[in-house]
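Written out below as C-alpha cells is the structure these notes cover.
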Amino acid sequence: MVVLSHLPWLKATAGQWRYALRNAIAMCLALVIAYELNLNEPYWAMTSAAVVSFPTVGGVISKSLGRIAGSAFGACAALIIAGHTLNDPWLFLFCMAAWIGFCTWACAHFSNNVAYAFQLAGYTAAIIAFPLVNIIDITELWEIAQARVCEVIIGILCGGLMMMLLPGSQDGTSLLTALKTLHTRLPEHAMLLLRPETTEAIRTAHESVIGQILTMNLLRIQAFWSHYRFRQQNALLNHLLHQQLRMTGVLSGLRRMLLNWPQAPASVAENLPPLLHLLAQPNTDALHIARALAKLAPSRDSDYRHHAFWQRLRYFCQLYQSGGRWLRRLESATPIARFRVPKSPALARQTDDTEALWSGLRTFCALLLTGAWSISTQWDTGADALTLGAIACVLYSVSPAPFTSLTLLLRTLATLSLFSFVVKFGLMVQLSSLWSFLLFLLPLLATMQLLKLQRPKQAALWGQLIVFMGSFIAITDPPVWDFAEFLNDNLAKLLGVALAWLAFAVLRPGSDARKSRRHIRTLRRHFIDQLSRFPQESENRFESRVYHLVSQLSHSQDTQARRWLLRWGVVLLNCSHVVWQLRGWETRSDPLSQVRDRCIGMLREVMSEGGVRQQRLGVTLQQLLHVSETLALSHQPAARELATLVWRLWCALSQLEQALPEER
C-alpha cells in the first residue's frame, strides 16, 4: 500500500486530475480534428494545445491571443520571404535568418503578450518556411502555411473549450490571495529590515519581496483577461502594486536612517516591534495603531533625526492601512463596482538593448551557420535542424540560464528519439486507426501532466516532453514508416539544438557583472532626470523601473553584482523620495527655499551617468550634515522640517562612499 500511494494516479489531488485531464483531452481532441480535416501535419495542433495549457483562464486567453497573432504574423512573413527568395537558397537563408533574428530581438525588447507574439512569429516562420526548401510546386507554399495556421488555431480552440468544460483556478482569486499574503508579510519584512546588523539574508529577503510584487503584475494581466470585474478594477490593482512597492522603498529608507543614527533613543527599540506586530494583526483599527505610534513620537522638537524617522514610520503605517482598506474593498466589490483611486501608471519595464541586440545577432549567426552547412552538404534533413535551431535560439535567448535550458532540451530530444522509436515502430505500426492509438495516448498524456505537477524539480523536463512529443511521433495521414527518414529527422533535430548550444557558447550572453554595470548606469541616467526641474518620469514610474532592474539579477550567482545593483537602486530610490518631498515642500522665496534648491543642486554635482564624483561626494555629505544640524537649531517649524529632509538625504547618500569613482 505504501508503494501504491506513491503512484501519480493515486497521489494526485482533484485539482491535479482536472488540470491533467483538461490538457490531455485538449491535445487529443486537437489531433483528432486536425486529422479529420486532412491537414498534412496534424501533430502541430496537438503541440499548440500543449503550449497554451495554463492552469488559469486568464493565462489561456492572454497566451492564446498572443499565439494567434504571432502565428499569423509569422505565416505572413514566411509566405513573403519564401515566395520571393525560394529559388535562391542563399538569399532565402539570409532573409529567414534576418527575420528570426529580428523576432529574437523584439522578444527581448518587449514584454508579456507582445514578446510572446514575436516569439511565435519567429519560430512559426521557421516551422513553415524551412521545410519548403524541398517543394517543387510553388502553390504548395500557400497550402502549407494555411495548414500550419489552422493547426495552431485548432489547438488553441481545443484548449479553450476544455478550459470551459473543466475550468482551472481563478486568476482573480490567485491575485487577491497573493496581494493579501504579501500585504501580511510586509510587517514581518519590516522587522527583519529594521535590525541593526547587515547580512546576506536581509538582502535576499528584500530581493524576494521585490520579485513577488513584480510577479503579481503578471497575475494582474492574467486577471485582466479572465473576468470583466478585474478589467473594471485594473486602475485599483495598479495602485495597490505601486503602494506595495512604495512601502518596500519606505522600509529601506527607515533602515538607512537607523543605521546612520548614532544614538537612537531606547524607546525606538522597545516600541517598534510591538507596533509592527500590531500592524500584522488583521483586525487592528487605526486608533490602536495611532496609540502605538504615539509611544515612538519624539519628545524634543530639536531632535530632527527622531522626527525624520517617526514621520517616515507614520507614513509607512498610513500606506499599510490604506492598502488594507483597498484590499478589503476589492475583495467585496461587485462586478460593476467602480472606485475612484489615484491615477497610477503601469509598472515600468526597462529593456536591456545591448543584450537584446546581442541575442538577435546570435540567432542570425546560428541559423546562417546551420543553413550554410545544410546547403553546402546538400543535407536532406537540414530543414529540421534549422527549425529546431531557430526554436531553441528564440526560446532561450531571454532565459536567465540558457545553457541549462539548452542542455535540458538536448536531454529531452534524446529521450523522445528513443521513446518515439518504440511507439512508432513498436506500437503504431500495428494499429489501423487513430482511435485505437488514442487509447494509449490519452492515459500517457494525463500521466505526464500529473508528473509535471507532482515533481516540481523535473517540471521543465516533463513540460518539454509533452510539447515536443507530437513532432517526434509525427502522426500523419497516410502514416510514414521509413526508418531511415525517421532516424535522419531525429538526428537533424538534435544537431540543430546542438548548433544553437554552440552559438550560445561562442556568442555568450553578457555576464551578470556586465549586466549589473549596465543596469546601474541606466539607474543613474534616469535618476539624473529625476533631479531636473520637470522630470519626464513620475515618482511611481521611476520607483517601479528601479525595482524592475534590481529584480533582473535577483537569481544571479554573482553576489557582488547583485549586491551593488541593489545598493545603487536603494540609494537612488531613497534620494528620489527625498527630492520629490523637497519639491512638494513649501514654495516660498525666503532663504529656506534657497537652501532647499541648493541641496537638490548638490545632488546634480555629485551624480553623473558614469558614476559618483567621490571628491565632490565627501564635500556634499559634510555640507548636508552641517545644513541639517544648523536648521535643527532654528525656532521655525519649517526650518526643522527641512532639517529632517536634509538629514534623510545625507543618510541615503552616505552609502555611496563605498562606490567606485566615476568612469571616464
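No lab work stands behind these numbers, since they all come straight from the coordinates. Here the structure is a predicted model, which means the values were calculated and not measured. Neighbour counts are summed over all protein chains in view; Cβ atoms, including those assigned to glycine, are modelled from backbone coordinates with ideal geometry.
Values as computed for the structure displayed
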quantity	calculated
The chain - percent relative contact order, Cα under 8 Å, separation 6 or more	19 percent
Distance between region 435-473 and region 185-250 - C-alpha centres, whole angstrom	34 Å
Matching label, Kirkwood radius over Cα pairs in Å computed from the structure shown, candidates (1) 30.7; (2) 28.0; (3) 25.8	(2)
Chymotrypsin sites (Phe, Trp or Tyr not before Pro), loop per DSSP, at most 16 other Cβ atoms within 10 Å - longest free stretch of the chain	1-338
Rounded tilt (10° steps) of 353-377 against the dominant C-alpha axis of the chain	20 degrees
Rel. contact order, % - alpha carbon contacts under 8 angstrom, at least six apart, region 512-658	27 percent
Karplus (6.51, -1.76, 1.60) ³J(HN,Hα), θ = phi - 60°, over region 608-618, in Hz, Gly and Pro reported as x	9, 5, x, x, 9, 7, 4, 5, 5, 4, x
Under-5 Å amide H pairs with SER554, H placed in peptide plane, nonlocal only	none
Cα long-axis angle, helix 459-473 against the chain (0 to 90 degrees, to the nearest 10)	20 degrees
Angle in degrees between helix 14-36 and the longest Cα principal axis of the chain, rounded to the nearest 10	40 degrees
J(HN,Hα) series, region 151-165, from Karplus relation 6.51 cos²θ - 1.76 cosθ + 1.60, nearest Hz, glycine and proline x	5, 4, 5, 4, x, 5, 5, 5, x, x, 5, 5, 5, 6, 7
Residues with amide H under 5 Å from that of SER608, placed H, sequence gap 5 or more	ARG613
ASP482/LEU444 FRET efficiency (R0 22 Å; Cβ-Cβ; nearest 0.05)	0.35
Between region 77-134 and region 276-332, the alpha-carbon center distance in angstrom	55 Å
GluC sites (Glu not before Pro) lying in DSSP loop within region 595-664, provided at most 15 other Cβ fall within 10 Å	GLU609, GLU663
Contact order relative to length of region 318-450, as percent, for alpha carbon pairs under 8 angstrom and 6 or more apart	12 percent
Set of lysines near LYS424 by C-alpha distance (under 21 Å), chain-local residues within fewer than 8 positions excluded	LYS493
